[in-house]
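The values are calculated or read from the model by the stated rules, or taken from the named source; none is laboratory data. On a predicted model such as this, the values are computed, not experimentally measured, just so you know. Every residue, glycine as well, gets a Cβ built from its backbone with ideal geometry; the counts of neighbours run over all protein chains shown.
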Amino acid sequence: MAENPAYPVGLRLTGRRVVVLGAGQVAQRRLPALIAAGADIHLVSPAATPSVEAMADAGELTWTRRPYEPGDLADAWYALIATSDTGANAAASAEAEAHRVWCVRSDDADAATAWTPATGHSEGVTVAVLTTNAKGRDPRHTAAIRDAVVEGLRDGTLVAPHHRTRTPGVALVGGGPGDPDLITVRGRRLLAEADVVIADRLGPRDLLAELPPHVEVIDAAKIPYGRFMAQEAINNALIEHARQGKAVVRLKGGDPYVYGRGMEEVQALAEAGIACTVVPGISSSISVPGAAGIPVTHRGVAHDFTVVSGHIAPDDERSLVDWAALAKLRGTLVILMGVDKIGAIARTLMAGGKSADTPVAVVQEGTTAAQRRVDATLATVAETVLAENVKPPAVIVIGEVVTVCPDSSPRASE
């Protein structure tokens, strides 16, 4: 007759006595989850791994430094038996059975009254996978199923719709520099759950193609502005859709707070009484140079880097940048939105004392299939950008790090 399958259940162990026998690698892997569950953990073992000992030192559990003794499982709700002594394990298992304590045995699953599932977590959901019977137990297969489900929930490829009424809200998501694989796991999941996506031109376009047909995608560049400024119109669109009870994602390129006007949108939503979740993104100021083989810092070459917006010319009275001070810095200068102003920027930096021979790299469409890199110097970058027909979006890197290549050794000076 076929063996009956295990009955899955979630134990609520907050404040309840849990006894762990043994403090080796098995206990080291299992203890964090018991600690997170709020269990009152009593560890019995003559020795422990450094990690388990650190848990005891931190007060996360009570450690009795001796082997198992009869009576150790008294008043326990749950027991984990993981010693290297088979006889002690059998005796403890018998005690657990006598006291009706759910007991997991690391050395003999068939003799246990409970099994530990392969677990994972995603946004308040615990995924637990159990093999149906002891004879067919394959921990690697169980873990693989767990990993596949959790990964699907995290990246949005496995979508479980919410059926409860949702609180209107907006998620401000940084989409990263362009490659759809460089959005955060949380950002991708929120996109998969969205009813409406309001996207910037520089947001990762390939991500929009993955959205289900029912999702309304609004190009922020095409919102009818009427009497409003562009940003105000976007703010109003976010508020309007959120008030309709929809899950709204505002998808931006890079990071929402790095020249993305993210805070303006958060402030507008706050004034309207609408909750907003901000999901940081990978900024193009670091990722695009990295994708082009340029480290913004490098030992012995640059100990600092400065990110500057170049959308306003240095001689414009609206500029908030101290270009003269930047010209004196020895570190890396990263300029965003500066393609059409690079001539004026280069001249201003040279006038401030930066060498005309300073290396410059311009990386267009960084991290995408259309990425290309153009190298120049501060003296030649303006004409090079024109000659090579470089178009936005592009990241400009100024400094000695431009010449660092993978086989370069760190310089002796620090």
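Data for the structure
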{"item": "Index of the failed condition, ALA220 passing every other in (1) of a type in the set (A, V, I, L, M); (2) within 20 Å of the chain's Cα centre (by Cα); (3) within 14 Å of VAL173 (Cβ to Cβ)", "result": "(2)"}
{"item": "Condition met for ALA325 (in contact with a Gly (Cβ under 7 Å, 6 or more places away or on another chain) and in a helix (DSSP H, G or I))", "result": "no"}
{"item": "ILE294 under 22 Å from MET337 (Cα atoms) and assigned to a helix (DSSP H, G or I)", "result": "no"}
{"item": "Which numbered condition ALA90 fails, given (1) crowded, with 17+ Cβ neighbours inside 10 Å; (2) not in a loop (DSSP other than H, G, I, E, B)", "result": "(1)"}
{"item": "Answer from TRP77, TRP63 - the residue that is surrounded by 14 or more Cβ atoms within 10 Å (Cβ to Cβ) and either touching a His at 6+ places or on another chain (Cβ under 9 Å) or without any contact (Cβ under 8 Å) to a residue 24 or more places away in the chain (or both)", "result": "TRP63"}
{"item": "Number of the condition not met by ALA237 [criteria: (1) crowded, with 20+ Cβ neighbours inside 10 Å; (2) modelled with pLDDT of 90 or more; (3) out of contact with any helix residue (DSSP H, G or I) (no Cβ under 6 Å at 6 or more places or on another chain)]", "result": "(1)"}
{"item": "Residue within the range 105-124 that is under 18 Å from GLY10 (Cβ atoms), modelled with pLDDT of 90 or more, in a loop (DSSP other than H, G, I, E, B) and over 33 Å from the mean Cα position of the chain (by Cα) present", "result": "no"}
{"item": "In the range 259-296, residue surrounded by the most Cβ atoms within 10 Å (Cβ to Cβ) [restricted to those that are of a type in the set (Gly, Ala, Ser) and farther than 21 Å from ASP200 by Cβ]", "result": "ALA292"}
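Every residue, every condition in (1) in a loop (DSSP other than H, G, I, E, B); (2) small (Gly, Ala, Ser); (3) buried (at least 18 other Cβ atoms within 10 Å of the Cβ), yes or no:
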| position | (1), (2), (3) |
| --- | --- |
| VAL334 | no, no, yes |
| GLY343 | no, yes, no |
| VAL362 | no, no, yes |
| ALA370 | yes, yes, no |
| ARG373 | no, no, yes |
| VAL385 | no, no, yes |
| VAL395 | no, no, yes |
